[in-house]
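Undergrad: Here you go, one structure.
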Amino acid sequence: MKCVLVSEGMTQLQTELQAMNADPEIRFVMMLLASQTDISHDEINTILVTNPKPIIGGIFPYVLFDKSLLTAGVVLIGFACTFKIAVIPALNKNVSIETELQRQLPWQHTERGTLFAFVHGMSSGVQRLIDALFNQYGLEINYIGGGCGTLEKLEQPCVLTPQGILQDAVLLLMADISSGVGVAHGWQSISRAFKVTEVEGNEIISIDWRPAADVYRNIVEDHSGLRFAEMPFTEIARAYPFGIAKLADELVIRDPITLKGPRIVCVGEVRRGSYVHVMHGKPDYVSAAAGRARQRAMENLKGRTPRLMLFMDCISRVLFLGELFAREITHVSMNDVPLAGALTLGEIANSGYDYLELYNKTSVVGLLASDTSGIN
């Protein structure tokens, strides 16, 4: 694998891509693009559709390289392993995602398969995608990826594919490479379990048959001493996500991002009949969770040597931690293992022993290893 940071604009990007295209061992390129990078979408689009080797990835609020958090810049990762790609556009309208997976990405058993997933983070079809991936491939492979997009322009095209920059789409790449994946979040419950009684997509309508916003507001205001009437919703809610009870050692986090009347709009679906807790976190414990995710990834790598850390971390974690986010990078970093990644709108992973899931406010660490398939 070859990993570089492009920080000097279009000329450097073209130079680095020319070098990767000239390298006979590199088969495809992952591109993680920070949203404030001074390269136009038209220029990126042209590169995507004309580059001789496939480019995959996404546009994100921040990218990560080494120990730096960057609002501008492009991370390029060249891979030498064999692969297969699927692109599914119009995700929220696609009636049969599984049919598309069977057509574009037929299952072939591999002991070292890793599926990279880049999806429009605010698409209403994300949960159906997760279900289809699990039904099609199960847990015989590892998954790592995230929701693309920015908080300022939620509907803007943001998924980077060989077909160009797409909106409401998913790019999937099945790579013949060994990996270990670890997941942790560090949030803790401050409430009893409540039953979600009405939902519509990623909007929670009622909890215990009461307006969802009222239930949430009462718990958060009592705990925080703050009042939603006096502050923007996001200023308070970023510290109080939902935790969905699953058959796992940690609750799965859902990020409430806005109110729509009595409804709470989340990043990702919350199923009707599920049980949720209101969560809260202490900054030190939340930031330390990245280290636990790294440890789990290393355990799941099963003795192989990591050559690259792909760190997909939630944008709402940096909004919550602020300047303390530097501690999270310190917790997750490894000596002699390059770190690259992005801050995402939702994280996609299996933790190595639990089912595939869409996460929010969670650290996902993928450790990628060399093997006999030609990864350098």
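The values are calculated or read from the model by the stated rules, or taken from the named source; none is laboratory data. Model, not experiment: these values are computed from the prediction. Note that each Cβ is placed from the backbone with ideal geometry, even for glycine, and that neighbours are counted across all protein chains shown.
Undergrad: For the stretch 196-231, what are the residues that are more than 26 Å from GLY346 (Cβ to Cβ) and among the basic types (Lys, Arg)?
TA: If the condition is that a residue be more than 26 Å from GLY346 (Cβ to Cβ) and among the basic types (Lys, Arg), then ARG210, ARG227 are the ones that fit.
Undergrad: May I pose another question? Select, from LEU358, LEU368, the only residue that is closer than 23 Å to ILE59 by Cα, in contact with a helix residue (DSSP H, G or I) (Cβ under 6 Å, 6 or more places away or on another chain) and either outside any strand (DSSP E or B) or not acidic (Asp, Glu) (or both).
TA: Values: LEU368 fails: in contact with a helix residue (DSSP H, G or I) (Cβ under 6 Å, 6 or more places away or on another chain).
Step by step, each of LEU358, LEU368 is checked, and only LEU358 is closer than 23 Å to ILE59 by Cα, in contact with a helix residue (DSSP H, G or I) (Cβ under 6 Å, 6 or more places away or on another chain) and either outside any strand (DSSP E or B) or not acidic (Asp, Glu) (or both).
Undergrad: Return the only residue of ASN94, ASN51, ASN45, ASN21 being surrounded by 14 or more Cβ atoms within 10 Å (Cβ to Cβ), under 23 Å from the mean Cα position of the chain (by Cα) and modelled with pLDDT of 95 or more. Full working, then the answer.
TA: Working: ASN94 fails: modelled with pLDDT of 95 or more; ASN51 fails: under 23 Å from the mean Cα position of the chain (by Cα); ASN21 fails: under 23 Å from the mean Cα position of the chain (by Cα).
Unique residue meeting the criteria: ASN45.
Undergrad: So, of the residues in the stretch 321-345 that are under 19 Å from the mean Cα position of the chain (by Cα) and hydroxyl-bearing (Ser, Thr, Tyr), which turns out to be nearest to TRP187 (Cα to Cα)?
TA: THR344
Undergrad: Now a separate question. Limited to the stretch 299-313, what total is found for residues that are in contact (Cβ under 8 Å) with a residue 60 or more places away in the chain and surrounded by 19 or more Cβ atoms within 10 Å (Cβ to Cβ)?
TA: So the first thing to find is which residues in the stretch 299-313 are in contact (Cβ under 8 Å) with a residue 60 or more places away in the chain, and the list is 299-302, 304-308, 310-313.
Of the ones still in play, those that are also surrounded by 19 or more Cβ atoms within 10 Å (Cβ to Cβ) are 300-301, 306-308, 310-313.
Summing the residues that are in contact (Cβ under 8 Å) with a residue 60 or more places away in the chain and surrounded by 19 or more Cβ atoms within 10 Å (Cβ to Cβ) in the stretch 299-313 gives 9.
Undergrad: Within the stretch 273-283, is even one residue in a helix (DSSP H, G or I) and surrounded by fewer than 23 Cβ atoms within 10 Å (Cβ to Cβ)? Lay out the reasoning, then the answer.
TA: First, pick out the residues of the stretch 273-283 that are in a helix (DSSP H, G or I): 283.
Filter once more, keeping what is surrounded by fewer than 23 Cβ atoms within 10 Å (Cβ to Cβ): 283.
Yes, that holds for at least one residue.
Yes/no per residue for (1) of a type in the set (S, T, N, Q); (2) within 26 Å of ALA80 (Cβ to Cβ); (3) at pLDDT below 95:
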position: ARG317; (1), (2), (3): no, no, yes
position: SER333; (1), (2), (3): yes, yes, no
position: ALA340; (1), (2), (3): no, yes, no
position: LEU343; (1), (2), (3): no, no, no
position: SER351; (1), (2), (3): yes, no, yes
position: GLU357; (1), (2), (3): no, no, yes
position: LEU368; (1), (2), (3): no, yes, no
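Undergrad: Looking at the stretch 187-204, which of its residues are touching a Pro at 6+ places or on another chain (Cβ under 9 Å) and part of a loop (DSSP other than H, G, I, E, B)? Steps first, please.
TA: Within the stretch 187-204, the subset touching a Pro at 6+ places or on another chain (Cβ under 9 Å) is 187, 204.
Answer for the stretch 187-204, where residues must be touching a Pro at 6+ places or on another chain (Cβ under 9 Å) and part of a loop (DSSP other than H, G, I, E, B): just TRP187.
Undergrad: Would you kindly identify the helices (runs of 4 or more DSSP H) lying entirely within the stretch 1-105 that contain at least 1 residues that are more than 24 Å from ALA132 (Cβ to Cβ) and of a type in the set (Val, Ile, Thr)?
TA: Working: elements: 10-22, 41-50, 97-104.
Once the helices (runs of 4 or more DSSP H) in the stretch 1-105 are filtered for at least 1 residues that are more than 24 Å from ALA132 (Cβ to Cβ) and of a type in the set (Val, Ile, Thr), what remains is 10-22, 41-50.
Undergrad: Which residue out of LYS84, LYS53, LYS93 is touching a helix residue (DSSP H, G or I) at 6+ places or on another chain (Cβ under 6 Å) and of a type in the set (Lys, Arg)?
TA: Details: LYS84 fails: touching a helix residue (DSSP H, G or I) at 6+ places or on another chain (Cβ under 6 Å); LYS93 fails: touching a helix residue (DSSP H, G or I) at 6+ places or on another chain (Cβ under 6 Å).
LYS53 is the lone residue from the list that is touching a helix residue (DSSP H, G or I) at 6+ places or on another chain (Cβ under 6 Å) and of a type in the set (Lys, Arg).
Undergrad: Inspect the stretch 225-239 for any residue being touching a residue at least 24 places away in the same chain (Cβ under 8 Å), under 23 Å from ALA326 (Cβ atoms), surrounded by 19 or more Cβ atoms within 10 Å (Cβ to Cβ) and touching a strand residue (DSSP E or B) at 6+ places or on another chain (Cβ under 7 Å) and give the result as yes or no.
TA: Within the stretch 225-239, one or more residues are touching a residue at least 24 places away in the same chain (Cβ under 8 Å), under 23 Å from ALA326 (Cβ atoms), surrounded by 19 or more Cβ atoms within 10 Å (Cβ to Cβ) and touching a strand residue (DSSP E or B) at 6+ places or on another chain (Cβ under 7 Å).
Undergrad: Would you point out which residue out of LEU139, LEU172 is more than 21 Å from PHE79 (Cα to Cα) and either touching a residue at least 12 places away in the same chain (Cβ under 8 Å) or buried (at least 24 other Cβ atoms within 10 Å of the Cβ) (or both)? Can you show your working first?
TA: On the way: LEU172 fails: more than 21 Å from PHE79 (Cα to Cα).
After applying the criteria, what remains is LEU139.
Undergrad: Let me ask something else. Looking only at the stretch 147-160, count every residue that is buried (at least 24 other Cβ atoms within 10 Å of the Cβ) and at negative phi and tell me the total.
TA: First, the residues of the stretch 147-160 that are buried (at least 24 other Cβ atoms within 10 Å of the Cβ): 147-149, 158-160.
Now drop any that are not at negative phi, which leaves 147-148, 158-160.
Result for the stretch 147-160: 5.
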